[in-house]
Amino acid sequence: MVIIVSAPSGSGKSTLVNALMEQVPGIRFSVSYTTRTPRGAERDGESYHYISREEFERRIDAGEFLEYAEVFGNYYGTHRSYVEAAAYSGYDLLLDIDVQGAAQVMDKLPDAVTVFILAPSREVLEKRLRKRSEDSEETIQRRLREASQEVRFAERYSYVLINDDVAESVQNLVSIVRAERVKRERLREKLSPILDTYLSQTAAG
Ligand code: 5GP
C-alpha cells in the first residue's frame, strides 16, 4: 500500500508522520531525491538523497522518477525503485510529497491512500510558522502564499486531517492506515486461502 501525505509547510506534517511510523509497524518512508541543500542535522540518505540539478535532470531523462516536481525552486522526486521494492517485499510505503507530485502518483497508482494535512485556519498556520522562528519574514510570507495555493488541492485527497489537536490527529492517521489495511480488496491474496479452508470443509461435510 502506498500512503501519500501532503501538507502546506507548518501544518505539523512531520510530527504526525513520525508518530505514525513509530506506532504502526510495517511502514517505510520513501526517501526522496532533492536538489536542495541539507538543513541542520539532515543527513544524506535519511531525510533525502541530495543531488545536483544536473544529476536530477539526468535521472528525469532516464525515467527514474515515479513523480517529481519543482518546489520552492528546487527539484524533489520519488524514485521508482522505492515503490517497486515496497511492492515486492510487501511493506507499506509512505510518500511525503507536495500536491503536484501527489497528483502524478494518484494518476499512476489510483489505489494509493491520500491524506492531506491542514492547520485549522490561515491564522493558525501563520502563528505556527512564526513560532518555529526558523524562517525570515520573507520566507513566512512566501510559505503563506504557497499554502493558499496548496489547500486548493485538498479536495482531491481521500482523507483530510484538520490538525487542531496533535494527539487526535495522530490517532486519526493511525486509524486511516489500519482501516485501509483491512479493506477487502487489499486482502484478496490473503483472503482466498482462508475462504478455501471453509469451502473445502463444506465439500467434505
Ligand atoms: P522540504 O524542503 O521542506 O523538506 O520539503 C518541501 C516540500 O517538498 C514539502 O511539501 C515536501 O512534502 C515536498 N517533497 C519532499 N519530497 C518530495 C518528492 O519526492 N516529490 C515531491 N513532489 N515533493 C516532495
Quick one: check the C-alpha center-to-center distance for the stretch 1-77 versus the stretch 138-182, whole angstrom. 17
Can you tally the net charge around residue 20? Count Lys and Arg as +1, Asp and Glu as -1, for every other residue whose Cβ sits under 13 Å from the Cβ of residue 20. 0
So what is the relative contact order for the chain, in percent, with contacts set as C-alpha pairs under 8 Å and at least six apart? 29
Taking a straight Cα-to-Cα line shorter than 12 Å from residue 108, and setting aside same-chain aspartates and glutamates fewer than 8 residues away, one finds 67
Which net charge results when you count Lys and Arg as +1 and Asp and Glu as -1 among the other residues whose beta-carbon is under 9 Å from that of residue 8? 0
Which value at 222 nm does the chain reach when only helices count, each DSSP H run of 4 or more adding -39,500 (n - 2.57), with the total divided by all residues and rounded to the nearest 500 deg cm²/dmol? -15000 deg cm²/dmol
Shape call for the stretch 144-193, from the Cα gyration tensor axes a ≥ b ≥ c (a/c under 1.5 means rounded, otherwise prolate when a/b beats b/c, else oblate), comes out oblate
Sites matching trypsin sites (Lys or Arg not before Pro) across the stretch 76-135 that sit in DSSP coil, with at most 15 neighbouring C-beta atoms within 10 Å: none
With +1 on each Lys and Arg Cβ and -1 on each Asp and Glu Cβ, how big is the dipole of the chain about its Cα centre, in debye rounded to the nearest 20? 360
Given springs between every Cα pair under 10 Å in a Gaussian network model of the chain, which of 74, 163, 172 has the largest fluctuation? 74
Where does the chain land on Rg(C-alpha)/(2.2 N^0.38 Å)? 1.16
How much net charge surrounds residue 75 when only other residues with a Cβ under 15 Å from its Cβ are counted (Lys, Arg +1; Asp, Glu -1)? -4
Looking at the stretch 70-157, which chymotrypsin sites (Phe, Trp or Tyr not before Pro) are in a loop (DSSP not H, G, I, E or B) and have at most 14 other Cβ atoms within 10 Å? 72, 91
Kindly provide the GluC sites (Glu not before Pro) of the stretch 114-178 that DSSP labels as loop, not H, G, I, E or B, and whose Cβ sees at most 13 other Cβ atoms within 10 Å. 134
Computed magnitude of the charge dipole of the stretch 40-156 (debye, nearest 20; Cβ of K, R +1, Cβ of D, E -1): 480
Using the Cα centre as the reference, give the magnitude of the dipole from point charges on the C-beta atoms of the stretch 97-162 (Lys, Arg: +1; Asp, Glu: -1; all else neutral), rounded to the nearest 20 debye. 200
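All of the numbers you see were taken from the coordinates with simple rules; none came from a lab. Keep in mind that this is a model prediction, so the values were computed, not measured. Reconstructed Cβ throughout: ideal geometry from the backbone, glycine too, with neighbour counts over all protein chains shown.
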